Protein chains: 2
Amino acid sequence: MNPIKVGLLGIGTVGGGTFRVLQRNQEEIARRAGRAITIAMVADRDIAKVRAIAGDTVRVTANAFEVVDDPEIEIVVELIGGTSIARELVLKAIENGKQVVTANKALLATHGNEIFAAAQRKGVTVAFEAAVAGGVPIIKALREGLSGNRIEWIAGIINGTSNFILSEMREKGSSFEAVLTQAQQLGYAEADPTFDIQGIDAAHKLTILAAIGFGIPMQFAACYTEGIAELTSQDIRYAEELGYRIKLLGVAKRMPQGFELRVHPTLIPAKRLIANVEGVMNAILVKGDAVGQTMYYGPGAGAEPTASAIVADLVDVTRMHTVDPRHRVPHLAFQPDRLSALPILPMEAVETSYYLRMRVDDRAGVLADITGTLADLAISIDAMVQKEPGEGEKQVDIVMLTHLTREKSINAAIARIEALPFVSGKVTRIRLEELGQG
Amino acid sequence: MNPIKVGLLGIGTVGGGTFRVLQRNQEEIARRAGRAITIAMVADRDIAKVRAIAGDTVRVTANAFEVVDDPEIEIVVELIGGTSIARELVLKAIENGKQVVTANKALLATHGNEIFAAAQRKGVTVAFEAAVAGGVPIIKALREGLSGNRIEWIAGIINGTSNFILSEMREKGSSFEAVLTQAQQLGYAEADPTFDIQGIDAAHKLTILAAIGFGIPMQFAACYTEGIAELTSQDIRYAEELGYRIKLLGVAKRMPQGFELRVHPTLIPAKRLIANVEGVMNAILVKGDAVGQTMYYGPGAGAEPTASAIVADLVDVTRMHTVDPRHRVPHLAFQPDRLSALPILPMEAVETSYYLRMRVDDRAGVLADITGTLADLAISIDAMVQKEPGEGEKQVDIVMLTHLTREKSINAAIARIEALPFVSGKVTRIRLEELGQG
């Protein structure tokens, strides 16, 4: 059988990796897919770069629309990024009856519903293993490997940049700013790190995981998103003293009235496996009603790890593209007419435990007033530590962990505590997830 | 569309779990598969038990052959275990054109080549996600999720019973025998624990993982297998002092001349995530040339975790059973005419690091003689600890870690050391894997 012909949109880091992996492992891949997979055409503004990577073996254009319109191309790999031109190109490719593979989480989280509906109508596949956790085949695991389960929750370290920063802050006691600069020098963080450190990239990925885990549409706008820029190494140290690590966690949880969808720094018991995922690695913990907890771990970014996921999608698509679409795995795991209409819950309705840190005057009665304030709101305390005051200091840190509390109550409690005359500044609030069995 | 009809062979722990999960999650599963999946017939010697679990909703027989011969049944789930009647039943089901789902690792590791060839000829699928690591979708991850990679090695904790025993021995300092008795009382070990503690069960699973990872036939007979019955809590403690944990590890590795395939107790750096997998949990670390290291973690046994994998297979088979077989994922990941013929290497050719413990007279010159013996065989030492003698003892333990050494050389060294006049008894030898990046 002839090789299946792929058109590549964008040959940056990931595109270059994809080209390299397809070439290096071509025999291995053909032994699996039963057919060779060849990049026949590449679109990139930098024609010289394409030639440097791909030599004369491919057709090259600066105009990506030429690839999606080319009759020879059967699969389009979109690696341009962003949500505007990428959306146009993907929709055009679908309209032209091409299969699509993309690593673009922002595109799918924000325009996925439109894109999958178009693909469904046209009978083509839009594959996106590379959009979440790089080389870790979490999309396949969640969508196919756990298909017997009612998924109860998903909790993931799905942004390597943030995890690297938090790992470094903990290990070296450095400040957020210092580690961010270091991460930028190492190429782990972009010049504009907003998407990573504000939790937006993680929210894109969590939106996708929740959609395929629960069978709900993409609802990025409803995802609560809080980044790591406000975290201090002091909080990381206090958390550690209490037996916890702080991770930027994406949490999607099934509740009776709807689904929680939230990205925020989170205390996790240090003894949990996922709390020990360090550096730029990703890990996703999935709780299913039948299987219990399973975890998927690996590199969440990088040229070849991401290429690994793209090529896996190419192999799947190569096997299945001529098959009647009803035999294929549905894009969002569930048949498109059988998605759940239950809403994403507002953050105020979320119930979790909390880490609270506050700075108070070092005198009698203070603790009683604070615990009284919490008791008034029926918030119960699991652990509390009053730090010793530094030499000559008249104020001390109080750190406490609460039992399960509704976000609305903790917000009210924080407002009241901050209004107390002996409390200085803001109360630091970090959510806590036990991630235990049961 | 009518529900697809499944026949269950054996309704013990896993069969009962499968029945329960299919019933409880029937709506969720149909939303995914696009079609309901129903157990229509059950074969079990204990008819009363079947009725207690399944009520009057299914047809029941004590003769499993009636199920595989029944024209109404489209998928046969084999949960009888063993390699004799199970083999006959599976081959008969295939001959009758049924799809097959099995959790039977012993059967596949020993008769898989025959079974898959028969299935291939007949155009049916034999699915086996539940055969390795229970609910962890490692078969799917390795066979499909990493299909762009040249798999370099696989290292797995794939026997929960052994891992539970080793975890308890380490945490409590108990002896192997004491913990085994406890595991039997808890139901984590069988009355006859041979398959688990001798590494045979792990070798069955490793044989399967190697086949789909490397594209080689099942070669269980060539798998080196060493269990945990000889391990002492002393070795576990010494290993810990050196920064290592001891796990029963299945290791499959690609080498230029062939493949390593071995199950044995293994020292792993305590800082590795997989070294911290405790109790009955399973974890498999896979190194691919593109993706690097990924890890898959979860419950490796139990009624519902195993059922989770069986149902995932049922969903896959339900989607694909009417599709031309060339569109399906090949049983062993690679097209059956494109398997590798490279051999499994003999254990003497394996190169790894070693932990050696020996008991020697506490006097000058002993260490020099031992290190000299090792140097003669070009074995280089990475770390060495001489323990203090106990009160009134005239002998001491020496513990050493070697650099990479060929098994053949270490065997020769051990024979020479044991012949030294000041060495008492046997030298304890445990292999060591760094499992690092690169």
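The values are calculated or read from the model by the stated rules, or taken from the named source; none is laboratory data. Everything quoted here is computed from the prediction, not taken from an experiment. All Cβ positions, glycine included, derive from the backbone under ideal geometry; neighbour counts span all protein chains shown.
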Check on B:Thr125, in the same structural domain as B:Phe214 (by TED's automatic domain parsing) and among the hydroxyl-bearing types (Ser, Thr, Tyr): no
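Find the residue count for region B:142-182, including only residues that are on the phi > 0 side of the Ramachandran plot and either within 14 Å of another protein chain (Cβ to nearest Cβ) or buried (at least 24 other Cβ atoms within 10 Å of the Cβ) (or both). Before the answer, list the steps.
Step one: filter region B:142-182 for residues on the phi > 0 side of the Ramachandran plot, giving B:173.
So of that shortlist, the ones also either within 14 Å of another protein chain (Cβ to nearest Cβ) or buried (at least 24 other Cβ atoms within 10 Å of the Cβ) (or both) come out as none.
Qualifying residue count, region B:142-182: 0.
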Would you please name the residue that is farthest from the other protein chains (Cβ to nearest Cβ), looking only at residues in region A:251-279 that are surrounded by fewer than 24 Cβ atoms within 10 Å (Cβ to Cβ), assigned to a loop (DSSP other than H, G, I, E, B) and within 18 Å of the chain's Cα centre (by Cα)? A:Gly279
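Taking the condition touching a strand residue (DSSP E or B) at 6+ places or on another chain (Cβ under 7 Å) and of a type in the set (Phe, Trp, Tyr), does A:Phe176 pass? Steps first, please.
Numbers: touching a strand residue (DSSP E or B) at 6+ places or on another chain (Cβ under 7 Å): no; of a type in the set (Phe, Trp, Tyr): yes.
No; evaluated as a whole, the condition is false for this residue.
Among residues belonging to region A:131-161 that are among the basic types (Lys, Arg) and part of a helix (DSSP H, G or I), point out the one that is farthest from B:Gly288 (Cα to Cα). Reasoning before the result, please.
Just the residues of region A:131-161 that are among the basic types (Lys, Arg), to begin with: A:140, A:143, A:150.
After this cut, where a residue has to be part of a helix (DSSP H, G or I) as well, the list is A:140, A:143.
Values: A:Lys140: 17, A:Arg143: 22 Å.
Among those that are among the basic types (Lys, Arg) and part of a helix (DSSP H, G or I), it is A:Arg143.
I need the full set of residues from region A:284-314 which are closer than 30 Å to B:Gly16 by Cβ and of a type in the set (Gly, Ala, Ser), in order please. Steps first, please.
Within region A:284-314, the first condition is being closer than 30 Å to B:Gly16 by Cβ, and the residues that meet it are A:284-296.
Listed by number, the residues that qualify are A:Gly288, A:Ala290, A:Gly292.
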Pick from region A:334-353, criterion assigned to a helix (DSSP H, G or I) and closer than 30 Å to A:Arg406 by Cβ, ranking: farthest from the other protein chains (Cβ to nearest Cβ): A:Glu348
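Is it true that A:Arg319 is over 25 Å from A:Gln26 (Cα atoms) and of a type in the set (D, E, K, R)? It would help to see each step written out before you state the result.
Values: over 25 Å from A:Gln26 (Cα atoms): no; of a type in the set (D, E, K, R): yes.
It is false that A:Arg319 is over 25 Å from A:Gln26 (Cα atoms) and of a type in the set (D, E, K, R).
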Complete set of residues in region A:109-138 that are hydrophobic (A, V, I, L, M, F, W, C) and over 30 Å from A:Val179 (Cβ atoms): A:Ile115, A:Phe116, A:Ala117, A:Ala118, A:Ala119, A:Val124, A:Val126, A:Ala127, A:Phe128
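Out of B:Arg24, B:Arg20, B:Arg35, report the one residue that is at pLDDT below 95 and within 14 Å of chain A (Cβ to nearest Cβ). Break it down stepwise before answering.
On the way: B:Arg24 fails: at pLDDT below 95; B:Arg20 fails: at pLDDT below 95.
Testing whether each residue is at pLDDT below 95 and within 14 Å of chain A (Cβ to nearest Cβ) leaves just B:Arg35.
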Among (1) aliphatic (A, V, I, L, M); (2) within 24 Å of A:Ala36 (Cα to Cα); (3) touching a strand residue (DSSP E or B) at 6+ places or on another chain (Cβ under 6 Å), where does A:Leu345 come up short? (2)
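Consider A:Gly97 carefully, then state whether it is at pLDDT 95 or above and not hydrophobic (A, V, I, L, M, F, W, C).
Numbers: at pLDDT 95 or above: yes; not hydrophobic (A, V, I, L, M, F, W, C): yes.
Here the answer is yes, as A:Gly97 does meet what is asked.
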Out of region A:282-333, which residues are within 7 Å of another protein chain (Cβ to nearest Cβ), modelled with pLDDT under 95 and assigned to a helix (DSSP H, G or I)? A:Arg319, A:Met320, A:Arg326, A:His327
Unique match (being aliphatic (A, V, I, L, M) and either within 14 Å of another protein chain (Cβ to nearest Cβ) or free of Cβ contacts under 8 Å to residues at least 60 places away in the same chain (or both)) among B:Val76, B:Val67, B:Val124, B:Val132: B:Val132
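Quick one: in region A:292-328, of everything that is among the aliphatic types (A, V, I, L, M) and in contact with an Asp or Glu (Cβ under 6 Å, 6 or more places away or on another chain), which residue is surrounded by the most Cβ atoms within 10 Å (Cβ to Cβ)? Show your work before the answer.
If we filter region A:292-328 for residues that are among the aliphatic types (A, V, I, L, M), which is where we start, we get A:295, A:301, A:303, A:307, A:309-312, A:314-315, A:317, A:320, A:323.
Now narrow it down to the ones that are in contact with an Asp or Glu (Cβ under 6 Å, 6 or more places away or on another chain): A:309, A:312.
On the way: A:Ala309: 33, A:Ala312: 29.
Looking at residues that are among the aliphatic types (A, V, I, L, M) and in contact with an Asp or Glu (Cβ under 6 Å, 6 or more places away or on another chain), I get A:Ala309.
When the residues of region A:211-242 are narrowed to those that are among the polar types (S, T, N, Q) and part of a helix (DSSP H, G or I), which ends up farthest from A:Asp192 (Cα to Cα)? Talk me through it step by step, then tell me what you get.
Going through region A:211-242, the residues among the polar types (S, T, N, Q) turn out to be A:219, A:225, A:232-234.
From what's left, part of a helix (DSSP H, G or I): A:233-234.
Working: A:Ser233: 22, A:Gln234: 25 Å.
Going through the qualifying residues, I end up with A:Gln234.
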Could you check region A:34-52 and list, in sequence order, the residues that are surrounded by 23 or more Cβ atoms within 10 Å (Cβ to Cβ) and among the small types (Gly, Ala, Ser)? A:Ala43
Taking the stated definitions as given, is B:Ile430 among the aliphatic types (A, V, I, L, M) and under 30 Å from the mean Cα position of the chain (by Cα)? yes
Can you find a residue in region A:8-28 that is touching a strand residue (DSSP E or B) at 6+ places or on another chain (Cβ under 9 Å), small (Gly, Ala, Ser) and on the phi < 0 side of the Ramachandran plot? yes
Can you spot a residue in region B:40-51 that is touching a residue at least 40 places away in the same chain (Cβ under 8 Å) and assigned by TED's automatic domain parsing to the domain that holds B:Met320? no
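For (1) closer than 25 Å to B:His204 by Cα; (2) of a type outside the set (Gly, Ala, Ser), each residue gets a yes or a no:
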{"position": "B:Thr18", "(1), (2)": "yes, yes"}
{"position": "B:Leu22", "(1), (2)": "no, yes"}
{"position": "B:Gln26", "(1), (2)": "no, yes"}
{"position": "B:Ala43", "(1), (2)": "no, no"}
{"position": "B:Ile73", "(1), (2)": "no, yes"}
{"position": "B:Gly82", "(1), (2)": "yes, no"}
{"position": "B:Ala86", "(1), (2)": "yes, no"}
Residues satisfying the stated conditions in region B:1-27, i.e. over 21 Å from B:Pro71 (Cβ atoms) and surrounded by fewer than 21 Cβ atoms within 10 Å (Cβ to Cβ): B:Gly12, B:Thr13, B:Arg20, B:Gln23, B:Arg24, B:Gln26, B:Glu27
